Amino acid sequence: MSSPNEAYLAQITPILPVKNVLNALEFYIKKLKFKLVFIDEERNPKYAGIRRNNIALHLQWHDASEWEISKDRPMLRIQVQGIEALYKEYQLMGVFHNHTSLEEKPWGTLEFAFYDPYKNGLIFYHPL
């Protein structure tokens, strides 16, 4: 911990852009096993928070006109314990793309990656 005179960065909560919050919630809750923490409104939400273990994400609606412009979407690196089990779990949920595999990387991690329905990149890794 830091002293009262020092700043301490304790947590980060990425906000992912999505076209439809309800559809994004369905993907993250049903397929990736996150839990709903909050939603701004039930019928036509614009903002929601989800969590799985110590990982929190927020999902934010963005207007369709913003998706017409080609731009990079966020890439998240999420450290995992039990990466083989998570890989198998997500493989069974059918969320992977054709090239998704569990691989040892030259930078010393075992990892796999795929995109959510809105092209936000999700990389799950475990240090070797």
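Taken together, the values in this text are just the output of simple stated rules run on the coordinates, not laboratory data. All values derive from a computational prediction rather than experimental measurement. As a convention, Cβ positions derive from the backbone with ideal geometry for all residues, glycine included, and neighbour counts pool all protein chains shown.
Within segment 15-42, residues that are on the phi < 0 side of the Ramachandran plot and without any contact (Cβ under 8 Å) to a residue 24 or more places away in the chain reach partners that are assigned to a loop (DSSP other than H, G, I, E, B) and surrounded by 14 or more Cβ atoms within 10 Å (Cβ to Cβ) with beta carbons closer than 9 Å, at six or more positions or on different chains, in the pairs LEU22/PRO45; ILE39/PRO45. Scanning segment 5-19 for residues that are closer than 19 Å to TYR118 by Cα and surrounded by fewer than 17 Cβ atoms within 10 Å (Cβ to Cβ) gives THR13, PRO14, ILE15, LYS19.
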